[in-house]
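Presented below is the structure to which this report refers.
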Amino acid sequence: MTPRADIDIRPITEAELPEWLRAINAGFLREPVTSEAELEARRTQFVPGRYLGAFEGSRCVATFKSFAQELTAAEGRAVPANAVTGVTVTATHRRRGLLTRMMSQDLAAAKEREDVVATLIAAEYPIYGRYGFGPATSASEWTIDVPRSGLDPRWSGPEDGGRIDLVDGEDVRKLGPDLHERIRRAQPGAVSRDEMWWRVNTGDVRFEPSWTEPFYAVHRSADGEVQGLVSYRSDGLWGDGKMQPTNTASVRWLIAANPAAERALWHYMCSIDWVVTVKSGWRAPDDLLPLLLPDPRAARITSQADWLWVRLLDVVRALEARSYDGEGSLVLEVADGAGLAGGRYLLEASAAGASCTRTTRSADLALDVRELAALWLGDESAVRLAALGRVREERAGAARSADALLRTSRRPWCPDMF
């Protein structure tokens, strides 16, 4: 076994990208060979300093990548985020502290850049809490039994004068970015999408050789404004000797600027000829979808999980960035083993805004930075965490006071995987 000191962790060069990709493919149990087409596509994403590799000689045995992102706080402004992805450790080099070294190096750089938070989607739950990340949003997937839904199968379009049209990927690349910007600025937990996201998700840049072109539909209001987009595929299955359609339409993503557009797009998905089942893709845990159907029981949750994990790097800016429906003050004693965001903070908040300052006042609530991350977007309950022993009340009733300030009327949601 190679000593830890003999494994070099460093930002990779562009010339080392093929070896880094071989390692990440091994870590994710994918075919280790990278095609020339995929390699060229990956080169377009390469940012010096944001790709880390652990090297034993010339062989990469662990990978780590981060990129610039914006995250929308609870009904507030977007904050700069350090998005973490591509984290692997080769099976032959586990339990040597490689991830800890890469994470420490990356979070220190993010703190120096003055990012407010770090974000990730956790493939495995137990890993990231020890680095200060907490699950801040969750997601659900519904499966709709179309014949049972109660929707009119003769439906031919929105009743409000709007319309739905099929478009292609080039249209989506033109229409999608502005629509998404409007939506994500108002959606707590939503993250930014760069040009590459739209190119990859419409097949203009292909990382996977098995890409299958999906369908795209756009919803426009009566005055022609783009208010919604959906991307979906169908499996084309028939039963009973090809005498009975049993097609399932699987939504890859659906975004809508208002409930009317959302309703129209879901009704469209449930009115496609031959489709008897619609899979929603990952949606907000309190999504409107089931209640948009005359029979909500036609939509059943088939998958539910934690989604976006957040790590606070600047408690003051994070708490001041979000909005608050209630009014009050709270003193938080925040523990951070990495020394990035710990301290005692006084939060004073109202509907008009918030201020957060370091203080020497007695704490109301004591918690780890990962628990504060779980509370920050408004989804988790301090009362629930106190019952689990993960938050400690230094003042009786402080957990309930925290919930009154921090929880939101609608649950935060991150529509994206990264």
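Name the residue, out of Arg395, Arg344, Arg370, Arg407, that is of a type in the set (Lys, Arg) and loosely packed, with under 15 Cβ neighbours inside 10 Å.
Values: Arg344 fails: loosely packed, with under 15 Cβ neighbours inside 10 Å; Arg370 fails: loosely packed, with under 15 Cβ neighbours inside 10 Å; Arg407 fails: loosely packed, with under 15 Cβ neighbours inside 10 Å.
Of Arg395, Arg344, Arg370, Arg407, the one residue that is of a type in the set (Lys, Arg) and loosely packed, with under 15 Cβ neighbours inside 10 Å is Arg395.
Look at region 1-48 and say how many of its residues are open to solvent by less than 70 Å² (accessible area, probe 1.4 Å), hydrophobic (A, V, I, L, M, F, W, C) and part of a loop (DSSP other than H, G, I, E, B).
Looking only at that region, the number is 3.
Name every residue in region 49-75 that is closer than 24 Å to Val117 by Cα, open to solvent by 20 Å² or more (accessible area, probe 1.4 Å) and not in a strand (DSSP E or B), in order of residue number.
Across region 49-75, the qualifying residues are Gly49, Arg50, Glu75.
Out of all the residues in region 161-174, which are closer than 14 Å to Arg220 by Cβ and either part of a helix (DSSP H, G or I) or of a type in the set (Val, Ile, Thr) (or both)?
Narrowing region 161-174 to residues closer than 14 Å to Arg220 by Cβ: 161-167, 171-172, 174.
Selection gives Ile164, Val167, Asp171, Val172, Lys174.
Of the residues Pro158, Pro177, which single one is open to solvent by 40 Å² or more (accessible area, probe 1.4 Å) and either over 23 Å from the mean Cα position of the chain (by Cα) or within 25 Å of Ser221 (Cα to Cα) (or both)?
Working: Pro158 fails: open to solvent by 40 Å² or more (accessible area, probe 1.4 Å).
Going through Pro158, Pro177 in turn, just one is open to solvent by 40 Å² or more (accessible area, probe 1.4 Å) and either over 23 Å from the mean Cα position of the chain (by Cα) or within 25 Å of Ser221 (Cα to Cα) (or both): Pro177.
Does Glu112 qualify as being charged (D, E, K, R) and without any contact (Cβ under 8 Å) to a residue 12 or more places away in the chain? Let's see the steps before the verdict.
Working: charged (D, E, K, R): yes; without any contact (Cβ under 8 Å) to a residue 12 or more places away in the chain: yes.
Answer is yes for this residue.
What residue, among those in region 241-263 that are in a loop (DSSP other than H, G, I, E, B) and over 21 Å from Ser221 (Cβ atoms), is modelled with the highest pLDDT?
Of all residues in region 241-263, those in a loop (DSSP other than H, G, I, E, B) come to 241-243, 246, 257-258.
This time we only want the ones that are over 21 Å from Ser221 (Cβ atoms), so: 241-243, 246.
Details: Gly241: 66, Lys242: 66, Met243: 76, Thr246: 92.
Selected residue: Thr246.
Name the single residue, out of those in region 104-140 being among the acidic types (Asp, Glu) and surrounded by fewer than 18 Cβ atoms within 10 Å (Cβ to Cβ), that is modelled with the lowest pLDDT.
It comes out as Glu124.
Condition first: basic (Lys, Arg), open to solvent by 80 Å² or more (accessible area, probe 1.4 Å) and out of contact with any Cys (no Cβ under 7 Å at 6 or more places or on another chain). Can you find one or more residues in region 161-171 that meet it? Lay out the reasoning, then the answer.
To start, the set of residues in region 161-171 that are basic (Lys, Arg) comprises 163.
Keeping just the survivors that are open to solvent by 80 Å² or more (accessible area, probe 1.4 Å) gives 163.
Of the ones still in play, those that are also out of contact with any Cys (no Cβ under 7 Å at 6 or more places or on another chain) are 163.
Yes: region 161-171 contains one or more residues that are basic (Lys, Arg), open to solvent by 80 Å² or more (accessible area, probe 1.4 Å) and out of contact with any Cys (no Cβ under 7 Å at 6 or more places or on another chain).
Table: residues versus (1) among the aromatic types (Phe, Trp, Tyr); (2) touching a residue at least 24 places away in the same chain (Cβ under 8 Å).
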{"position": "Thr85", "(1), (2)": "no, yes"}
{"position": "Leu98", "(1), (2)": "no, yes"}
{"position": "Arg101", "(1), (2)": "no, yes"}
{"position": "Ser104", "(1), (2)": "no, yes"}
{"position": "Thr119", "(1), (2)": "no, yes"}
{"position": "Glu124", "(1), (2)": "no, no"}
{"position": "Ile127", "(1), (2)": "no, yes"}
{"position": "Trp142", "(1), (2)": "yes, yes"}
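Please identify the pairs in which a residue from region 386-413 that is closer than 11 Å to Leu332 by Cβ has its Cβ atom under 6 Å from the Cβ atom of a residue that is among the acidic types (Asp, Glu), counting only partners at least 6 apart or on another chain.
Val391/Glu371; Glu394/Asp364; Ala398/Asp364
Collect the residues in region 209-240 that are free of Cβ contacts under 8 Å to residues at least 60 places away in the same chain and not in a strand (DSSP E or B), keeping them in residue-number order. Walk me through how you get there before you give the answer.
Of the residues in region 209-240, the ones free of Cβ contacts under 8 Å to residues at least 60 places away in the same chain are 210-218, 220, 223-226, 228-240.
Listed by number, the residues that qualify are Ser210, Trp211, Thr212, Glu213, Pro214, Asp223, Gly224, Glu225, Asp235, Gly236, Leu237, Asp240.
The values are calculated or read from the model by the stated rules, or taken from the named source; none is laboratory data. Keep in mind that this is a model prediction, so the values were computed, not measured. Neighbour counts are summed over all protein chains in view; Cβ atoms, including those assigned to glycine, are modelled from backbone coordinates with ideal geometry. Only protein heavy atoms, including side chains, enter the accessible area calculation; ligands, DNA and RNA are left aside. Shrake-Rupley method; radii C 1.70, N 1.55, O 1.52, S 1.80 Å.
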